[in-house]
Amino acid sequence: MSQTSDHTGEEVALWDAFRKGDETAFGEIVRKYYRSLFGYGMKFSPDREFVKDCIQDLFMELWSKRDSLGDTDFVKFYLFKSLRRKIHRESMRRQRVDEDADLDFSAELQEEPSFEQQIIESEIFQNRLKKIESELKSLPRRQQEVIFLKFFENLDNNAIAEVMSISKQAVSNLIYRTIKLLKEKI
């Protein structure tokens, strides 16, 4: 799945309707992207309420400035980038920046297997999963972010470059180095 699955005439029409003041379109955008935004926001702060507040503030600002917003073909990436900036600004404002914040990928990696799966899965698989999780948590923040965007949000390198405000080549290099490092450690 790539960014093009979200790039449809329907997405553009929804965004345009929202910018023209259509409350239903705005509600649809909030409903459609809230969960992804929350998951993404939690990568920057372990404080659930802070992330929820940032998302709420973001949507309130978008609504109040809707008539001055520009066109976008990629609503999700626009929202991700906006939330990323908002969390950074709010963290700085609250002076809660913690450079060594540990991003928690455990929710994505530790799903409770069914009874049948528990019988089939071996101890080797469980140990490998723990090793991967541990190695992901030990990665620097930027590498954790690129892995989250690439493999958990299924964004392509262009979209990741936009969200992280780095070049496409820097994204490619970061992904390559991160995967190479993980392979060596695992």
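The values are calculated or read from the model by the stated rules, or taken from the named source; none is laboratory data. Note that the structure is a prediction, hence the values are computed from the model and not measured. Note that we place each Cβ from the backbone using ideal geometry, even for glycine, and neighbour counts take in every protein chain shown.
Tabulated data for the structure shown
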item: One residue from PHE77, PHE44 being in a helix (DSSP H, G or I), touching a helix residue (DSSP H, G or I) at 6+ places or on another chain (Cβ under 6 Å), at pLDDT below 90 and within 20 Å of ILE160 (Cα to Cα); result: PHE77
item: Index of the failed condition, LYS130 passing every other in (1) at pLDDT 85 or above; (2) not assigned by TED's automatic domain parsing to the domain that holds ARG19; result: (1)
item: Elements of type helices (runs of 4 or more DSSP H) contained in region 133-186, each with 1 or more residues being of a type in the set (Phe, Trp, Tyr); result: 168-185
item: Search result, residues across region 61-74 that are within 17 Å of LEU37 (Cα to Cα) and assigned to a helix (DSSP H, G or I); result: GLU61, LEU62, TRP63
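Every residue, every condition in (1) at pLDDT 80 or above; (2) in a helix (DSSP H, G or I); (3) outside the structural domain of GLU184 (by TED's automatic domain parsing); (4) among the basic types (Lys, Arg), yes or no:
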{"residue": "PHE59", "(1), (2), (3), (4)": "yes, yes, yes, no"}
{"residue": "ARG85", "(1), (2), (3), (4)": "yes, yes, yes, yes"}
{"residue": "ASP104", "(1), (2), (3), (4)": "no, no, yes, no"}
{"residue": "PRO113", "(1), (2), (3), (4)": "no, no, yes, no"}
